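Visitor: Structure provided below as structure tokens; questions to follow.
What follows draws every value from the coordinates through simple rules; no lab data is involved. Note that the coordinates shown come from a computational prediction; the quantities given were computed from them, not determined experimentally. As a convention, Cβ positions derive from the backbone with ideal geometry for all residues, glycine included, and neighbour counts pool all protein chains shown.
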Amino acid sequence: MAGIDTSVVIGNLRMKNPVMPASGAYDYYENNAGLFPMSDLGAIMLKSIHHDIRPGNKPPRIAETPSGMLNAIGLMGPGVDTFIEEDLPFLKQYDTKIIVNVCGHCEEDYLTVAEKLADTCADMLEINISCPNVKEGGIAFGTDPKKAEAVTAAVRKIARQPVIVKLSPNVTDIREIAKAVESGGADAVSLINTITGMKIDVRTRRFVLANRTGGLSGPAIHPVAVRMVYEAAHAVKIPVIGMGGITNAYDALEMILAGASAVAVGSATFRNPLAAAETAEGIEMYLRENEIASVRSLIGAVQE
Amino acid sequence: MFITAKALTNRIITPGFGRILLSAPQIAEQAKPGQFVMLKYWRGIDPFFMRPFSINTVDRAGGTLGILYKVVGQGTEILADLSADAEVEILGPRGNGFPLEDGMTRIAVIGRGVGAAPMRFLAEKARSMGIGVRAYISANSEEHLFDKAAYEGSGCTFTGCTDPNVKVTDFFAEDLKKMKFDAAYVCGSKRLMKAVAELSDEYDFAGYVSLEEHMACGIGACKGCAVRVNTKDGSEAYARVCKEGPVFPVKRIV
Ligand SMILES: Cc1cc2nc3c(=O)[nH]c(=O)nc-3n(C[C@H](O)[C@H](O)[C@H](O)COP(=O)(O)OP(=O)(O)OC[C@H]3O[C@@H](n4cnc5c(N)ncnc54)[C@H](O)[C@@H]3O)c2cc1C
Ligand SMILES: Cc1cc2nc3c(=O)[nH]c(=O)nc-3n(C[C@H](O)[C@H](O)[C@H](O)COP(=O)(O)O)c2cc1C
Ligand code: FES
């Protein structure tokens with residue numbers, strides 16, 4: 001079957017395929033291992049950017065868990081000015097879309113970053129209202145529908161690009177938050193961020209992470225993510241970007257069937273640096289093998 | 001580089017410690033002393049992370065990499081059980097190696113136990129450049145002085161120390177009184193690192209340390225492998241062991 005269409009649309013952005021690296025899980029902008037061209041992916045979601053430079057948390061910052069990991073990186077990053085000066089020009093040369101993840105401790109922080117990004121080549125903003133790691137950080141916005149709506153509306157007013165709001169799974173009802181940010185004017189939602197966890201070393205009787213708690217990610221959280229993507233997709237009309245434990249095309253297609261218009265691959269990249277590229281390739285193969293003309297026809301297409 | 005290689009041999013050399021030899025010509029060609037590789041040699045998603053290992057030996061002509069390992073948990077237990085012709089995924093070589101310059105006349109390599117693994121590759125490389133090498137290696141017992149014969153075979157002066165009450169750097173300190181060293185390289189123990197940092201205040205040589213930290217990606221992406229580094233103004237700053245390291249000037253850490 002010729003003419004397989006893998007493209008999807010988020011906001012006003014058409015992506016050549018639905019696969020991206022998840023924020024913070026693979027800094028393509030440092031072109032780390034140079035293992036495959038960034039242009040193989042529909043877009044790249046970059047690590048959270050603050051208004052200022054962030055040293056990150058004290059180590060240990062990561063721990064392996066059954067089929068996954070805990071992280072408490074503490075949003076280590078260069079700050080928006082350095083990012084615009086040094087990283088964006090480098091990224092611009094690649095034939096892919098650039099999604100900049102924005103973080104802050106208070107509404108003004110988000111607005112400062114969104115304002116500075118307004119005239120850059122960033123194609124979209126992803127607003128991280130959900131990172132559970134920074135003590136005074138985004139968590140307050142992500143778990144309270146009113147605050148989530150307010151910060152979305154405030155950023156929406158300033159941003160020149162479409163705005164994705166990234167949701168925290170650490171809430172009682174994901175539908176409520178998804179609806180709240182939709183009312184705030186979000187162009188899309190992405191989920192899930194990591195699930196807050198903890199690990200204790202029984203031999204030393206100490207916390208494994210210096211931060212005590214960390215965010216759980218990887219295949220261990222995939223079924224939770226699929227359920228939440230499904231719920232969010234049924235609660236809102238805006239597109240949903242699904243992530244959480246995707247390791248291959250099958251996991252990604254599961255998200256798409258649950259209602260995701262696009263997907264992001266995070267932790268899986270650490271154990272297989274080709275995971276995102278292989279996922280994109282695998283989706284195309286699945287479409288070909290099943291004679292499905294467009295991946296868009298699979299969005300939310302799960303049946304009883 | 002991310003490749004699938006074949007193991008050529010894998011054997012336990014003394015209870016709890018093994019050596020694996022991998023056929024990986026492309027990586028052997030590029031590898032520099034002090035660099036490491038991320039390995040995966042099991043199917044499925046548990047354990048989740050690849051495992052970092054220093055490069056212990058490189059044979060460019062033969063296209064092989066040697067790893068010296070200690071069995072400490074699930075990942076290294078699987079490694080010890082790996083059959084000789086197993087497939088191993090290798091991401092590497094990664095990180096910055098030990099700085100080694102042509103004009104050097106004498107260096108010290110210092111390490112403890114299996115932590116001294118990268119020192120053999122460094123020592124052999126230095127010898128091939130005509131640099132004099134003194135190796136100061138400590139271990140719990142004589143059979144844990146793993147590469148003793150190799151150091152001696154490549155013309156290094158080898159000092160082994162298995163006495164828990166003696167620091168192997170004391171021998172280095174004695175030699176410093178008698179001869180000039182251009183650089184000292186240390187790994188495998190915080191205690192040894194501190195001693196080298198102190199000696200580098202007193203004598204004029206460049207000190208380098210190779211660090212270990214838990215790693216998820218090994219390529220600078222996750223920012224999980226952070227270590228605190230010194231800054232001029234004392235402000236809080238971290239470097240990634242996998243990307244800015246694993247080798248650091250010892251003064252940047254101590
Ligand atoms: C740059 C570098 C070079 C290394 N070189 C060698 C070497 O040449 N020979 C050797 O035997 N070991 C080396 N290590 C340590 C080796 O990576 C660990 O012993 C190994 O990962 C333990 O895995 P496990 O599953 O057996 O242990 P577990 O304790 O079950 O592992 C659980 C988690 O902790 C991590 N971990 C445990 N100990 C360490 C450690 N010391 N350093 C980093 N991560 C650790 C594991 O990778 C895994 O993610 C090196 C580590 C680093 C960072
Ligand atoms: C090491 C690490 C760092 C992360 N950093 C960020 C971040 O800076 N901003 C953010 O919004 N999400 C961050 N995340 C969350 C991921 O983008 C993703 O939502 C989550 O890990 C679930 O996907 P996964 O199971 O595929 O990893 C991070 C995750 C990991 C594992
Ligand atoms: S292990 Fe991921 S940044 Fe070093």
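Visitor: Counting Lys and Arg as +1 and Asp and Glu as -1, each charge on the Cβ, what is the dipole of the protein assembly as shown about the Cα centre in debye, to the nearest 20? Provide the component values of the computation, followed by the final result.
Guide: Values: 59 positive and 64 negative charges, 223 e Å.
Result for the protein assembly as shown is approximately 1080 debye, rounded to the nearest 20.
Visitor: Would you mind giving the mean number of other chain beta-carbons within 10 Å of the Cβ of each residue in B:35-48, as a whole number?
Guide: Values: counts 0, 0, 0, 3, 0, 2, 0, 0, 0, 2, 11, 7, 4, 14.
Mean inter-chain Cβ contacts per residue within 10 Å come to 3.
Visitor: Ok, one more. For region A:211-254, count all C-alpha to C-alpha pairs, find those more than 16 Å apart, and express that count as a whole percent of the total. All intermediate terms of the calculation are to be shown ahead of the outcome.
Guide: Working: 396 of 946 pairs.
Summing the P(r) tail past 16 Å for region A:211-254 gives 42 percent.
Visitor: For the protein assembly as shown, what proportion of DSSP beta bridges, expressed in % and rounded to the nearest 5, is antiparallel?
Guide: 50
Visitor: Compute the Rg to Rh ratio over chain B from the alpha carbon atoms, using the Kirkwood formula for Rh, and round to two decimal places. Provide the component values of the computation, followed by the final result.
Guide: Working: Rg = 17.7 Å, Rh = 18.5 Å.
Rounded to two decimals, Rg over Rh is 0.95.
Visitor: Still on this model: At 222 nm, what value in deg cm²/dmol follows for the protein assembly as shown if DSSP H runs of at least 4 each add -39500 (n - 2.57) and the sum is divided by all its residues, to the nearest 500?
Guide: That calculation yields -7500 deg cm²/dmol at 222 nm.
Visitor: From the phi angles alone, apply the Karplus equation (6.51, -1.76, 1.60; θ = phi - 60°) to region A:264-276 and give each ³J(HN,Hα) in whole Hz, x where the residue is Gly or Pro.
Guide: Calculated HN-Hα couplings, in order: 10, 10, x, 3, 4, 5, 5, 9, 9, x, 9, 3, 5 Hz.
Visitor: Let me see the pair-distance distribution of the protein assembly as shown: every alpha carbon pair, 20 Å bin width, integer percents in order.
Guide: 21, 49, 25, 4, 0
Visitor: So which chymotrypsin sites (Phe, Trp or Tyr not before Pro) in region B:175-230 are both in a DSSP loop and have at most 16 other Cβ atoms within 10 Å of their Cβ? Don't skip to the answer; put the middle values down first.
Guide: Details: sites: B:181, B:185, B:203, B:205, B:208; in loops: B:181, B:203, B:205.
Those that pass, being in a loop and sparsely packed, are B:203.
Visitor: What is the Cα coordinate range of region B:98-210 on the first, second and third principal axes, sorted by size from largest, in whole angstrom?
Guide: For region B:98-210, the Cα spread along each principal axis is 36, 31, 25 Å.
Visitor: From the phi angles alone, apply the Karplus equation (6.51, -1.76, 1.60; θ = phi - 60°) to region B:110-124 and give each ³J(HN,Hα) in whole Hz, x where the residue is Gly or Pro.
Guide: With coefficients 6.51, -1.76 and 1.60, one gets 10, x, 10, x, 6, x, 7, 3, x, 5, 5, 4, 4, 4, 5 Hz.
Visitor: Another one. Over chain A, what is the relative contact order in percent, taking alpha-carbon pairs closer than 8 angstrom and at least six residues apart?
Guide: This gives 21 percent for chain A.
Visitor: Within a 10 angstrom radius of the beta carbon, how do A:238, A:127, A:164, B:219 rank from fewest other beta carbons to most?
Guide: By the 10 Å Cβ count, ascending, the order reads A:238, B:219, A:164, A:127.
Visitor: OK, next. Going through region A:186-292, which GluC sites (Glu not before Pro) have at most 12 other Cβ atoms within 10 Å and a DSSP loop state?
Guide: Listed in order of number, the matching sites are A:291.
Visitor: Would you list A:250, A:26, B:151, A:230 from fewest to most Cβ contacts within 10 Å?
Guide: On the way: A:250 12, A:26 31, B:151 26, A:230 21.
Arranged by neighbour count, lowest to highest, A:250, A:26, B:151, A:230 become A:250, A:230, B:151, A:26.
Visitor: Reported to two decimal places, what Rg/Rh ratio describes region B:213-254 when computed on Cα atoms with Rh from the Kirkwood expression?
Guide: Here Rg/Rh amounts to 0.98.
Visitor: Same structure, new question: Whose amide H sits under 5 Å from the amide H of residue A:101, counting only residues 5 or more places off or on another chain, with H placed in the peptide plane?
Guide: For residue A:101, the qualifying residues are A:46, A:49, A:126.
Visitor: Search the structure for amide H atoms under 5 Å from the amide H of residue A:192, placed 1.01 Å from N in the peptide plane, and list their residues when 5 or more places away or on another chain.
Guide: HN-HN under 5 Å from residue A:192: A:243, A:244.
Visitor: Return one quarter of the surface area of the convex hull spanned by the alpha-carbon atoms of region A:148-304, equal to its mean projected area, in nm².
Guide: 11.8
Visitor: Right, something else. Among bridges DSSP assigns within chain A, what percent are antiparallel (round to 5)?
Guide: In chain A, approximately 40 percent of DSSP beta bridges are antiparallel ones.
Visitor: Could you quote the convex hull projected area for region B:41-123, Cα atoms only and averaged over all directions, in nm²?
Guide: Taking the Cα atoms of region B:41-123, their convex hull projects to 7.0 nm² on average.
Visitor: On to the next question. What is the fewest-to-most order of A:247, A:196, B:105 by other Cβ atoms lying within 10 Å of their Cβ?
Guide: Details: A:247 22, A:196 17, B:105 11.
The fewest-first ordering by Cβ neighbours comes to B:105, A:196, A:247.
Visitor: A further question follows. Give the separation of the Cα centroids, region B:1-73 to region B:108-159, in Å.
Guide: 19
Visitor: I would also like to ask the following. Between residue B:13 and residues 5 or more places away or on another chain, which pairs have amide H atoms under 5 Å apart, with H built 1.01 Å from N, and which residues are they?
Guide: When sequence neighbours closer than 5 places are left aside, the close amide H contacts are B:18, B:19.
Visitor: Pick out which of A:208, A:113, A:229 has the largest mean-square fluctuation in a Gaussian network model of chain A, springs linking Cα atoms closer than 10 Å.
Guide: A:208
Visitor: Post the alpha-carbon centroid distance, region B:188-254 to region A:262-290, in whole angstrom.
Guide: If we compute the Cα centre of each part, the gap is 36 Å.
Visitor: Restricting to bridges with both residues inside chain B, how much of the DSSP beta-bridge set is antiparallel, in percent to the nearest 5?
Guide: Just about 60 percent of them are antiparallel.
Visitor: Beyond 18 Å between alpha-carbons counts as too far, so tell me which of B:194/B:243; A:116/A:157; A:47/A:116; B:190/B:251; B:167/B:251 fall in that bin.
Guide: Too far apart for the 18 Å limit: B:194/B:243; B:167/B:251.
Visitor: In whole Hz and in residue order, list the ³J(HN,Hα) couplings for region A:286-297 that follow from phi through the Karplus curve 6.51 cos²θ - 1.76 cosθ + 1.60, θ = phi - 60°; x for Gly and Pro.
Guide: So the Karplus estimates, Gly and Pro as x, are 4, 4, 4, 5, 9, 6, 10, 6, 9, 5, 5, 6 Hz.
Visitor: Right, something else. Hey, could you get me the Stokes-Einstein D for region A:1-113, Kirkwood radius over alpha-carbon pairs, 25 °C and 0.890 mPa s, rounded to whole µm² s⁻¹?
Guide: 155
Visitor: Using square roots of five times the C-alpha gyration tensor eigenvalues, list the equivalent-ellipsoid semi-axes of region A:67-218 in whole Å, biggest first. Please report the intermediate quantities before stating the final value.
Guide: Numbers: eigenvalues 153, 80, 35 Å².
They are 28, 20, 13 Å, listed from largest to smallest.
Visitor: Could you give the Stokes-Einstein D for region A:8-298 in µm² per second, using the C-alpha Kirkwood radius, 10 °C, 1.306 mPa s? Numbers along the way, then the final one.
Guide: Numbers: Rh = 18.7 Å.
For the chosen part, D equals 85 µm²/s.
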